[in-house]
1. Within the stretch 368-385, is even one residue surrounded by fewer than 24 Cβ atoms within 10 Å (Cβ to Cβ) and under 23 Å from the mean Cα position of the chain (by Cα)?
2. Looking at this structure, is Ile67 open to solvent by less than 50 Å² (accessible area, probe 1.4 Å) and on the phi < 0 side of the Ramachandran plot?
3. For the subset of the stretch 363-386 comprising residues that are of a type in the set (A, V, I, L, M) and assigned to a loop (DSSP other than H, G, I, E, B), which member is modelled with the highest pLDDT?
4. Residues in the stretch 387-406 that are out of contact with any Ser or Thr (no Cβ under 6 Å at 6 or more places or on another chain) and not in a helix (DSSP H, G or I): how many?
5. What single numbered condition from (1) modelled with pLDDT under 50; (2) among the small types (Gly, Ala, Ser); (3) not in a helix (DSSP H, G or I) fails to hold for Ala295?
6. Would you be able to say whether some residue in the stretch 294-307 is closer than 17 Å to Leu407 by Cα, of a type outside the set (Asp, Glu) and without any contact (Cβ under 8 Å) to a residue 40 or more places away in the chain?
7. Hey, among the residues in the stretch 89-110 that are hydrophobic (A, V, I, L, M, F, W, C) and in a strand (DSSP E or B), which one's least open to solvent (accessible area, probe 1.4 Å)?
8. Does the stretch 225-232 include one or more residues that are modelled with pLDDT of 95 or more and among the basic types (Lys, Arg)?
Amino acid sequence: MFAAEVPDVDQLARSLREDGVVIDVVMGSGESQDSHDRIAALVREVPFPVYVALVKTPEEIPNDDSIEARDLLVSSLHRSLGDGLYIVATDDGWISVTSWGLDADPDVLSGTARANVELIAKEAPELAAEHSPFPLVVEAEAQVRTAEDLIATAASPRSNYPLPPVLEQRDARELAERAITLENTAGFRPERTRVEVHASSRGLSVLVGCLTAVLVALLLGQSLRGWPTRRGPVRERPKMWPPTTPDPATERAEAVRLADQLAADVAATDWTAVRAHDVANRAVTARDVVGMLLASDDVADLIGAQVVARAGMKDLQRGVAGHGAPLRVCFFDPRHPSPCSSVYWPLGEGRVKVPGCAGCVRDATEDRGPRMLCLGEPEPRPYWEREDIWARTGYGTLTDTIAADVLHARSEHR
């Protein structure tokens, strides 16, 4: 899920209730997606609810005093979400570690959390020397990594101050190295642009996309053509197999087959047994969107209908089970087998990391051009050079809500 504007408190609470973690791109030190993957794995292991929100202050929160604004946001989220551990940061650059219903002394909790960060800082003197802001995503990861020990410590009477950290030395060293890396490489901090990244304490983890550098194209409504990245200029056009344009009749037949399968799966679902309704409901949206796409004569839409249908079926399975990752497709051609790896690929004036099937990753790694989906006549070109929803989303490689994204794109053109 993506949003170009800062959400209001209700929207933020809904996202946290469903997914557990929300990280603003500008708060992610250029690595929001990677931070999601790390924090998501940790949150799923904690036996009590944990909510992580690193966001710009919602507009309805008074922002005259940044500390009061953050505290007000935390209180507002607690009223909506209930008891648990809250790790929240807003514009002031400080993280609040707060809990409700876990019998934790607030002073001990915040003091121990602060000791964790101080331990990491000792392992990263480069940051202290340069007076660089400590990456919020690293602080958040440290607190989630030690969540159980934080609560256990804060629930026991303490007489020794200052409080010692509960973070292991080896973990502090690893996080310090990550902090240094982020500060040295972070170059992506757009203004007021949010990416939600997900990790559910109920066991449902949602992968949102591939690269921060590519995500901006989607968020700003652009195709991937000409998009600059940070990995240096591309001097030569990559090798390519002779392009072929897909046959519309073949693609339509496959889209119809998948549409019928999705409709049958939705009809056969016992909705009383669904564990994650918000995820399963995406299948219903996908079914409706596929019906719209089947009416198109554009072969790109017919291939898109296949992706939306497959994503809908996967979301239905995930919703029933209450866990699992969303559909991932090969960036080079969504009709290829599911990706098992990723590879750097030239886009615009640089290189970005994209998911790919085994064959495409192998061909790209060995300097052979992947068999990419090319569209258009008389000179077919890679689909991502088009100006449409499929180029902006990489046929779903940059979003886990492709059906909703298609609906939004179509509504804008009405």
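1. Within the stretch 368-385 (the criterion being surrounded by fewer than 24 Cβ atoms within 10 Å (Cβ to Cβ) and under 23 Å from the mean Cα position of the chain (by Cα)), the answer is no, since none of the residues qualifies.
2. no
3. My answer is Leu373.
4. Of the residues in that region, 8 qualify.
5. Here Ala295 clears every test but (1).
6. yes
7. Ala89
8. No: zero hits.
The values are calculated or read from the model by the stated rules, or taken from the named source; none is laboratory data. Remember, it's a predicted structure, so these values are computed and weren't measured experimentally. Counting neighbours? That spans all protein chains shown, and the Cβs are built from the backbone with ideal geometry, glycine included. Accessible surface areas use protein heavy atoms only, side chains included; no ligands, DNA or RNA. Shrake-Rupley method; radii C 1.70, N 1.55, O 1.52, S 1.80 Å.
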